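Enquirer: Can you read through this structure? Questions will come right after.
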Amino acid sequence: MRSEYSGEGLSEDQLAATPLEQVRRWVAEAETRQADRGDVVEPVALSVATVDADGLPNVRTVLMRFLDGRGPGFVTDLGSTKSREIGATGGMAASLTWPAMYRAVRFRGRALPVGRDEIAAYFTSRPWGSRISAWASEQSQPIADRAALVAAYERYAALYPDTGSPDDVPVPDGWGGWRIDCDEVELWAGRRDRLHDRLVFTRAADGGLDVADAWTVHRRQP
Ligand SMILES: Cc1cc2nc3c(=O)[nH]c(=O)nc-3n(C[C@H](O)[C@H](O)[C@H](O)COP(=O)(O)O)c2cc1C
């Protein structure tokens, strides 16, 4: 089955002055579309690619929890496979994809750890059960069966009971996050006859995603 990609496209005239503004605009439009039409489930689902120490690529989906001048970021287990791979190479790529809107964003760059204060602020905003499971799961490690996982959850639930306070569960040391300090941000917009638009912000100088002078823009063939 082939579907025609009848998206609105993206022209140089429409492109925001900075990558941050452009990505924020598209994320906001994806969230609005999900609210109105329900066909953009998890608008901030971010596919994160890493490479292991042997050069073998890996990919998985997380939720983009941060987006500011320092780059897109997510929270995860610092002992997980992805975190170990980030540690091995320092490089990362990621994409947001909204098929119903014929749009995607691609980020490439270097990994930066998210600060402990930001992690703590985000952790305390999570529901109690999610905070307990952050203690119960050693992400990416093998486990005998589901019962062992549930038993670990129950142990931590008894240790840190739900008092209704955001501070009833401490932030696990091994829980953290990563940002992509981007060198490149590509905006892809699907169009008819596969003549898609690809506009790419490439780093030209120091500065965040919110600094227009730090970026040049060029168009790539589809
Ligand atoms: C929609 C969706 C959202 C997810 N969000 C996260 C997340 O924010 N952080 C996370 O560590 N894993 C998240 N996961 C689980 C990851 O895809 C993955 O299974 C996990 O992080 C382990 O990956 P790793 O073994 O490569 O480190 C999510 C999965 C899906 C499908």
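The values are calculated or read from the model by the stated rules, or taken from the named source; none is laboratory data. Since we're looking at a predicted model, the values are computed, not measured. Here the Cβ is made from the backbone with ideal geometry for all residues, glycine too, and neighbour counts use every protein chain on show. These accessible areas exclude ligands, DNA and RNA; they are computed on the full protein's heavy atoms, side chains included. Shrake-Rupley method; radii C 1.70, N 1.55, O 1.52, S 1.80 Å.
Enquirer: Among residues belonging to the range 69-111 that are more than 9 Å from the ligand (Cβ to nearest atom) and among the hydroxyl-bearing types (Ser, Thr, Tyr), point out the one that is least open to solvent (accessible area, probe 1.4 Å).
Expert: SER95
Enquirer: Residues that are closer than 25 Å to ILE119 by Cα and without any contact (Cβ under 8 Å) to a residue 40 or more places away in the chain: which strands (runs of 3 or more DSSP E) entirely in the range 161-222 hold 3 or more of them?
Expert: Values: elements: 175-189, 197-203, 215-219.
In the range 161-222, no matching strands (runs of 3 or more DSSP E) lie anywhere.
Enquirer: Further question on the same structure: Whether any residue in the range 41-59 is within 12 Å of the ligand (Cβ to nearest atom), free of Cβ contacts under 8 Å to residues at least 24 places away in the same chain and not in a loop (DSSP other than H, G, I, E, B) is what I want to check.
Expert: For the range 41-59, residues within 12 Å of the ligand (Cβ to nearest atom), free of Cβ contacts under 8 Å to residues at least 24 places away in the same chain and not in a loop (DSSP other than H, G, I, E, B): present.
Enquirer: Go through the range 116-138 and give me each residue that's in contact (Cβ under 8 Å) with a residue 40 or more places away in the chain, closer than 17 Å to SER80 by Cα and buried (at least 16 other Cβ atoms within 10 Å of the Cβ).
Expert: Here is the first cut: in the range 116-138, the ones in contact (Cβ under 8 Å) with a residue 40 or more places away in the chain are 116, 118-120, 122-125, 128, 134, 137-138.
The next check asks that each one be closer than 17 Å to SER80 by Cα; those that pass are 119, 134, 137-138.
Within the range 116-138, ILE119, ALA134, SER137 meet the criteria.
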